[in-house]
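Just below is one structure, and these are the notes that go with it.
The values are calculated or read from the model by the stated rules, or taken from the named source; none is laboratory data. The shown structure was predicted, so the numbers you read here are calculated from the model rather than taken from an experiment. Here Cβ is always computed from backbone atoms with ideal geometry, including for glycine, and neighbour counts include all displayed protein chains. Calculation scope for accessible area: heavy atoms of the full protein, side chains included, ligands and nucleic acids excluded. Shrake-Rupley method; radii C 1.70, N 1.55, O 1.52, S 1.80 Å.
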Amino acid sequence: MKTVIIKYNAGNVQSVMYALDRLGISYLYTDEEEEIRSADKVIFPGVGEASTAMAYLKSKKLDQLIPSLTQPVLGTCVGMQLMCRYSEENNTTCMGIFDVDVQRFPVEPGMKVPHMGWNNIFDFKDPITAQIPTNAYVYFVHSYAAPVCAHTIATCEYIQPFSAMLHKDNFYAAQFHCEISGNIGEKILQNFLNM
Amino acid sequence: MLTKRIIPCLDVKDGRTVKGVNFVNLRDAGDAVELGALYAEQGADELVFLDITATVEGRKTFAELVKRVAHTINIPFTVGGGISSIADVSTLLHAGADKVSINSSAVRTPELIDQLALEFGSQCIVVAIDTRFIPYIEDFPEAGGDHIVHTHGGRTPTELRTLAWAKEVENRGAGELLLTSMDTDGTKNGFALELTATVSGNARIPVIASGGAGTMQHFRDVFTTGKADAGLAASIFHFREIDIPDLKSYLQRQGLPMRMTI
């Protein structure tokens, strides 16, 4: 099996690589079209800011490539947000794989933003969460989130309910960081890689 | 519900944990990786590795250690100690750290916070604030009667007042605050509740409270009265005065949101 992690200016993706190492999965870290197209599984990670990341994807034409992929693709954190239609973070038009707009968490007294730490996920609707107990905890760090929509396959709640995971066709995405979410995160990664 | 976090802190010198540890089931209690992995398994929500090495050689060893930790541990971890440049941060993040903590260098060059937030994102920039109460002194009215920020492991006072500095680092792009009260640190008499509540109540970013944990009730108090988002401690975990699973069960029984793993 060929697994590719898409290379772009998405900050520190080292922990994603280490998570795959722990699972015994070899991978290629690349931004080359041929390598990405020929992969069995594609991981599109991300930490950082939406508009900068999107501009970089455009400069490498990855914004055209990623939506055209046909093998299973998993976006995480900002990767997930870039797969949505639009992000309020610096008014960024994103790739539009998921028909939903990413919004900043509303201001609520006593509730801090970013949403940082471990929170429970529920309302599972897809086999990617097979054997994950309802209300399992995963690790989040984000200030923007996609509301619950037709593509939502796992929900989390902070200030209001939001999409913890999305799915459409061959595209999967997680707002949380699978790679540092303990055994639960590793299981979700494993489920994706076993597809 | 977003849980309160329990964070053991490991002091590392030349790649080894320094405070004596008391875990019979560890092959090598001085091995920071093995100890970190044990804490992760016990349900620690994050880990902090603090490099207290002063030498260049020791720094290289620390980066190697960070790499081994990242390979082994599947929860987030922060590294700190002597970080003073974008290059330092880059080395540690590329070694696999999830966040870095800066302290003295932020006081010396506050613009460093802006630069790091821009370069790496706020989410991975923790600013550590060591603070000590200095009573009002007539000869020195501008600094006294307040919690004053200290640097160099709490030895050197600055002119910064804690609350104002906390607001400044937040505005400059810090993603999290690690607040240590030098007055309570090492006492085991409890966290500095009033100070923590003031800083956390005025912050839009999460606050990790540190210094003074001696009992499980102290953690409850810092999460309720102290409004902290996370509680950090070192020796009480290392000496097994408090076991993390017991602590988390206790806090859950007290009605606090906790991530229960075992």
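Observations on the model:
- Segment B:61-78 - residue that is in contact (Cβ under 8 Å) with a residue 40 or more places away in the chain and of a type in the set (S, T, N, Q) and, of those, farthest from the other protein chains (Cβ to nearest Cβ): B:T61
- Output for segment A:93-152, where each listed residue is of a type in the set (A, V, I, L, M, F, W, C), open to solvent by less than 20 Å² (accessible area, probe 1.4 Å) and away from chain B (no Cβ under 14 Å): A:C94, A:I97, A:F98, A:V100, A:V102, A:I128, A:A146
- Any hit, segment B:191-201, residues being over 30 Å from B:E111 (Cβ atoms), buried (at least 23 other Cβ atoms within 10 Å of the Cβ) and of a type outside the set (V, I, T): yes
Residue by residue, here is whether (1) in contact with a Ser or Thr (Cβ under 6 Å, 6 or more places away or on another chain); (2) outside any loop (DSSP other than H, G, I, E, B) holds:
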residue: A:V113; (1), (2): yes, no
residue: A:K125; (1), (2): no, no
residue: A:I128; (1), (2): no, yes
residue: A:I132; (1), (2): no, no
residue: A:Y137; (1), (2): no, yes
residue: A:T155; (1), (2): no, yes
residue: A:P161; (1), (2): yes, yes
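- Restricting A:Y29, A:Y8 to residues that are in contact with a strand residue (DSSP E or B) (Cβ under 9 Å, 6 or more places away or on another chain), more than 10 Å from chain B (Cβ to nearest Cβ) and more than 24 Å from A:H167 (Cβ to Cβ) narrows the list to A:Y29.
- Selection within segment B:71-103 - within 19 Å of B:T180 (Cβ to Cβ) and crowded, with 18+ Cβ neighbours inside 10 Å: B:F77, B:T78, B:V79, B:G80, B:G81, B:I83, B:K99, B:V100, B:S101, B:I102, B:N103
- Verdict on A:F162 being within 14 Å of chain B (Cβ to nearest Cβ), crowded, with 23+ Cβ neighbours inside 10 Å, at pLDDT 95 or above and over 19 Å from A:A53 (Cα atoms): yes
- Against the list (1) modelled with pLDDT of 95 or more; (2) surrounded by fewer than 23 Cβ atoms within 10 Å (Cβ to Cβ); (3) closer than 23 Å to A:L23 by Cα; (4) more than 10 Å from chain B (Cβ to nearest Cβ), the condition A:M195 fails is (1).
- Any chance A:E35 is open to solvent by 10 Å² or more (accessible area, probe 1.4 Å) and more than 14 Å from chain B (Cβ to nearest Cβ): yes
- One residue stands out in segment B:206-242 among those that are within 14 Å of chain A (Cβ to nearest Cβ) and touching a residue at least 60 places away in the same chain (Cβ under 8 Å): the one that is most open to solvent (accessible area, probe 1.4 Å), namely B:D229.
- Restricting attention to segment B:250-262, the residues that are modelled with pLDDT of 95 or more and either within 19 Å of A:M116 (Cα to Cα) or open to solvent by less than 40 Å² (accessible area, probe 1.4 Å) (or both) total 6.
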